[in-house]
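Remarks on the structure that follows.
The values are calculated or read from the model by the stated rules, or taken from the named source; none is laboratory data. Source: prediction; values computed, not measured. Here the Cβ positions follow ideal geometry from the backbone for every residue, glycine too, while neighbour counts run over all protein chains shown. The accessibility values were calculated without ligands, DNA or RNA, using every heavy atom of the protein model including side chains. Shrake-Rupley method; radii C 1.70, N 1.55, O 1.52, S 1.80 Å.
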Amino acid sequence: MKRILLLPCLLIMAAVTWAQGPYNSGDYYKNADGKKGAALKTALCGIIYNRNENSYDALWNIFKKTDKRIDENGKTLYNKDGDSLVWDMYSNKRDYIFVKDQAGNYSNEGDKYNREHSFPKSWFGDKNGSSVAGHDIHHIFPTDGSVNGKRSNHPFGETNGEEYKSANGFSKLGACTYSGYTGTVFEPNDLYKGDFARTYFYMVTCYEEQLPTWYKNYASSFPGLKATIDGSTYPSFQRWQLNMLMTWAANDQVSYKEYYRNIAAYGEQKNRNPYIDYPGLEQYIWGSMTDEAFSYDDYQVPENYTVYIPGDDPGPGPVDPPGPSGDGNVYQRVTKADDLEVGAGYIIVCDSKNTAMAEQGTNIRNSVSLTTTNGAVTTEVNKSGKPYELTLGTSNGKYTLYDETGKVYLALTSSDNKLHTATTTTATSAQWTITFSGNNAVIKNVKYTDYSIYYNAGSPRFACYKSSSNQTAVQLYKRQPVSTGITTEATFPVDKAKPNTIIYDLQGRKVGTTVNGTPHLKKGVYIMSGRKVIAN
């Protein structure tokens, strides 16, 4: 998946008021007004269960509206051939094209996409998608067919992935490492854990009355169902699953992907997911606010939750690359040694293959997809929400490349086609020379001088090779700070802050936005509306 390099928004909101419901929902949720805890969940069930039904086969066309790649303003993104692309949350191996790559025969990851019931249909006895839940668009997503098959009907969980990892370690299957369950689980990528948590909150709410029957009829046959729900209408979840999903929802909050998908789903099915419309709503039903009355048009957002405002991206997601002074982290190609700056952040890229160096693999570096426009690139972020960035340093007159997330330096510790790591720069194996040949960066190891970093498209991976034969040259991109037209003000100009104003740190990373004119930030120096400002 292509991801703009934006750090998760740190803006914390204590209260937000809507007139007649959020996101043009009017009085859709009015019948839940004033309810608390279990009663609120039941009231929401009565609202969202009513919908227009579409057939299971109709989902293929509905996906074109609900699951196409879009930017933060809802604009459709296209590949170079003008095709709209499938938003796959299980794999980032390739970009699927609607219809052309749907279903059919597949045996490997990257072959085809199909229809994934994130809440497996075997758990409610549906073999062909004919039941109401079997074709409910709110929990059915287009996903890589092979990874979908690996997931099978295992519950969501957290795992080391000893049984299976999809390309680039994006999704994993293995023994559960989350306290309370030890069976086999499927772990989606961190980028979408909140999406799936809110999907599961929707499912146990919308189908509250069916949960006891599902449990009675199918829990003994499907351990995944038994591990997920408890057979009751409330709290509905097994304790470990609820705790995990609540954490996932808090750590990966509502994004523009979910916002626009919810709107598109409502257009097709005429019901909504309230956990997207009301960020943190799960706290009113299972968490810290069960004694608080829900207000559909004066909703009090739980502490530490962020309301998504259309046009503002609170977390990573695919968008058109911004210009050098756009939102978030922007990287531009370096083509001469004079542009190398010690202490600056860089990413290693293979332009011709639309990929960038990512996290450490087994003696190599994995790759992630990217988009390049006018010399600026955007790419995926890591599990911490940060770019796969290397900090340029020096040691004995040579360059070092430090991975802040892994706390290691790039190194080559043997004379072979590998790319290792080191914890210090004292050995020449962790030192590099960097020169340029046209747009290409020649990053050569100091100890093994015959070896340079290339991209191996056949594997795919970033590693070291003696020659460019059968390998692809790499480029070096430097992060560009936001600095144009900055003046200094002594204190944060709360009275001058307009709603939805983007706030950056001094390295050009987006760290928040203003809401109703009032920013909430830790002490420090920031950039806002072209001014350097101080929060104290």
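Does THR472 satisfy the criteria of being touching a His at 6+ places or on another chain (Cβ under 7 Å) and either open to solvent by 30 Å² or more (accessible area, probe 1.4 Å) or farther than 19 Å from TYR331 by Cα (or both)?
No, not satisfied.
What are the pairs with Cβ atoms under 8 angstrom where one residue, in the range 27-53, is among the polar types (S, T, N, Q) and the other, located anywhere, is open to solvent by less than 40 Å² (accessible area, probe 1.4 Å)? Sequence gap at least six, or different chains.
The qualifying pairs are ASN31/ALA43; ASN31/ILE47; THR42/GLU208; ASN50/ASN271; ASN52/GLN269.
If I filter the range 451-469 down to residues being modelled with pLDDT under 95 and over 33 Å from the mean Cα position of the chain (by Cα), which single residue comes out as surrounded by the fewest Cβ atoms within 10 Å (Cβ to Cβ)?
Restricting to residues being modelled with pLDDT under 95 and over 33 Å from the mean Cα position of the chain (by Cα), the top hit is SER469.
Could you figure out which of (1) at pLDDT 90 or above; (2) within 21 Å of the chain's Cα centre (by Cα) isn't true of PHE294?
(2)
Considering only residues that are free of Cβ contacts under 8 Å to residues at least 40 places away in the same chain and polar (S, T, N, Q), look in the range 102-144 and name the one that is farthest from SER84 (Cα to Cα).
SER131
Got a number for residues in the range 58-101 being without any contact (Cβ under 8 Å) to a residue 24 or more places away in the chain and either in a loop (DSSP other than H, G, I, E, B) or more than 13 Å from PHE141 (Cα to Cα) (or both)?
13
Which condition does PRO387 not pass, out of (1) out of contact with any helix residue (DSSP H, G or I) (no Cβ under 9 Å at 6 or more places or on another chain); (2) modelled with pLDDT of 85 or more, if it passes all the others?
(2)
Residue by residue through the range 236-246, note down the ones that are within 19 Å of GLY194 (Cβ to Cβ) and more than 25 Å from the chain's Cα centre (by Cα).
Correct list: SER236 only.
The rows are residues; the columns are (1) open to solvent by less than 30 Å² (accessible area, probe 1.4 Å); (2) in contact with a strand residue (DSSP E or B) (Cβ under 8 Å, 6 or more places away or on another chain).
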residue: ASN31; (1), (2): no, no
residue: ILE48; (1), (2): yes, no
residue: SER55; (1), (2): no, no
residue: ILE62; (1), (2): yes, no
residue: ASP71; (1), (2): yes, no
residue: ASP83; (1), (2): no, yes
residue: VAL86; (1), (2): yes, yes
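Being of a type in the set (Ser, Thr, Tyr) and either touching a strand residue (DSSP E or B) at 6+ places or on another chain (Cβ under 9 Å) or at pLDDT below 95 (or both) is the requirement here; does TYR178 meet it?
So TYR178 fits the description; yes.
Among the residues of the range 253-291, count how many are part of a loop (DSSP other than H, G, I, E, B) and either surrounded by 24 or more Cβ atoms within 10 Å (Cβ to Cβ) or within 25 Å of the chain's Cα centre (by Cα) (or both).
Residues flagged as part of a loop (DSSP other than H, G, I, E, B) and either surrounded by 24 or more Cβ atoms within 10 Å (Cβ to Cβ) or within 25 Å of the chain's Cα centre (by Cα) (or both) within the range 253-291 amount to 11.
Please pick out the residue among ASN114, ASN108 that is over 19 Å from the mean Cα position of the chain (by Cα) and surrounded by fewer than 15 Cβ atoms within 10 Å (Cβ to Cβ).
Only one candidate passes the filter, namely ASN108.
Among the residues of the range 125-158, count how many are in a loop (DSSP other than H, G, I, E, B) and closer than 15 Å to PRO188 by Cα.
6
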